[in-house]
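As structure tokens, the structure follows; a few thoughts come after it.
The values are calculated or read from the model by the stated rules, or taken from the named source; none is laboratory data. These figures come from a predicted structure and were not determined experimentally. All Cβ positions, even for glycine, are placed from backbone atoms using ideal geometry, and neighbour counts span all protein chains on display.
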Amino acid sequence: MKIVFIAPFGIRPKGTLFARMLPLAAGLQTLGHTVTIVAPPYTNPEDSGKVEMVRGVLIKNVRLGPSNKIASAALLAYRLFRTARLEKPDLVHLFKPKGYGGVAAFAHILLKQLGKRLPPLFIDSDDWEGPGGMNDLHPYSRAERIVFRLQESWLPPRATGVTAASLTLQSRLLGMGIPAEKIHYLPNCVDAGPAGNRTAARRKLGILEGAPVLLLYTRFFEFSQDKLHYLFAEICKKVPSVRFLVIGSGRNNEEQLLIRAGEEAGFSPALILAGWVETDEIADYLAAGDVAIYPFADNLLNRSKCPAKLTELLLAEIPVVADRVGQITEYIRPGLSGVLCNPDDWQEMADRTVDLLLDGTKGRAVGKSGRSFLLERFSWKDAAAELEKFYLHQQLLAP
């Protein structure tokens, strides 16, 4: 089959395309299909109109429109729709039912209802966008929130099939009246890859080889900052030689808040803020760690997410201490692939983390088991094969 993926934004600098769309596209191509990703590169305007090959997958970045937001939205949606159609695909798969791609999908569905011969349209849901979800996180205008909420509620029920990245999203799609057989559970998966260079990363970061390193790989908005400050303070008291390696950037000055809390609580000398790290360097940075924490507040936004960063940590053989929330429980099975904590019990996470930092043998065993569990249950190769079956089945059922 010739398949077109419509991306929600450009391939850079966000890692969403690398974490989900690209490996899925590559997996489908190993099965004999041809996949083209069509992207609106408003996040990387330097790639406007650029055609490139990434990991064997063809990516077509449509040309950006004028600076006027409304005119640009209409033009970008049209260019996404037109570029996808010119590929003459057997099916189109939209990733995220919102934004420019959502407008293109609306046109696709409407024209098909009017009798235009167009390929089946599939939609991927990997976040809850409406109230309680991304709409509450981002500084969208009131008009944008209304549009995104309508797109999320109107598009999936009218698609040929829908893929859901989490069990919570699957449940919410069922709540829209979509038949269960039209929904395919498609969590984030992994491909086995080479281990990162622990020694090189530690040398670059100025970390002594014997120092215990606690990883926090994050965008900060998934948890209370007070909780993070509490955890670092408690862990530093019990493991004074610890180093806190923080990978990722915040949206609302979270790094400065962390530095200030460290100065007040005494853990600032242990802080190493790596900031935003390029995709091809992540493996090395993760390899520098001994234990990772994954705090996750129990709310709709987090329950709906399928945290790709968690899969990267597990794949890197890092023992993870995480909150028992949503999709995390699919990846971490206590005693098998990691440690789960009550999200409201901050002290429990601190204590369990200290245990692993002080017992390297136990930590390495948990890390190794976590990686094995992940590769066995969440392989992109297997996910692509299951998605292929879903495509074919839905096309047979489609009128």
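Overview of values
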item	result
Residue under evaluation Ser268, criteria (1) within 23 Å of Ala195 (Cα to Cα); (2) free of Cβ contacts under 8 Å to residues at least 24 places away in the same chain, criterion not met	(1)
Unique match (being within 30 Å of Lys362 (Cβ to Cβ) and surrounded by fewer than 20 Cβ atoms within 10 Å (Cβ to Cβ)) among Val242, Val291, Val246, Val277	Val277
All positions within the range 30-72 that are aliphatic (A, V, I, L, M), farther than 14 Å from Val4 by Cβ and crowded, with 18+ Cβ neighbours inside 10 Å	Leu64
Of residues in the range 364-378 being crowded, with 17+ Cβ neighbours inside 10 Å and of a type outside the set (Phe, Trp, Tyr), the one nearest to the chain's Cα centre (by Cα)	Leu374
Identity of the residue in the range 294-327, under 19 Å from Ala164 (Cα atoms) and in contact with a Cys (Cβ under 8 Å, 6 or more places away or on another chain), that ends up surrounded by the fewest Cβ atoms within 10 Å (Cβ to Cβ)	Thr311
Criterion: without any contact (Cβ under 8 Å) to a residue 24 or more places away in the chain and either buried (at least 18 other Cβ atoms within 10 Å of the Cβ) or assigned to a loop (DSSP other than H, G, I, E, B) (or both) - qualifying residue of Leu208, Leu215	Leu208
Residue check for Ile178: part of a loop (DSSP other than H, G, I, E, B) and free of Cβ contacts under 8 Å to residues at least 60 places away in the same chain	yes
Selected residue (only one of Gly115, Gly101 is in a loop (DSSP other than H, G, I, E, B) and at pLDDT 90 or above)	Gly115
The range 343-373, residues that are in contact with a strand residue (DSSP E or B) (Cβ under 6 Å, 6 or more places away or on another chain) and assigned to a helix (DSSP H, G or I)	Glu348, Met349, Arg352, Thr353, Leu356, Leu357, Gly363, Gly370
Residues of the range 328-351 satisfying the condition of being crowded, with 19+ Cβ neighbours inside 10 Å and within 19 Å of Lys309 (Cβ to Cβ)	Ile328, Tyr331, Ile332, Ser337, Gly338, Val339, Leu340, Cys341, Pro343, Met349
Within the range 249-258, tally of residues that are modelled with pLDDT of 95 or more and surrounded by 14 or more Cβ atoms within 10 Å (Cβ to Cβ)	4
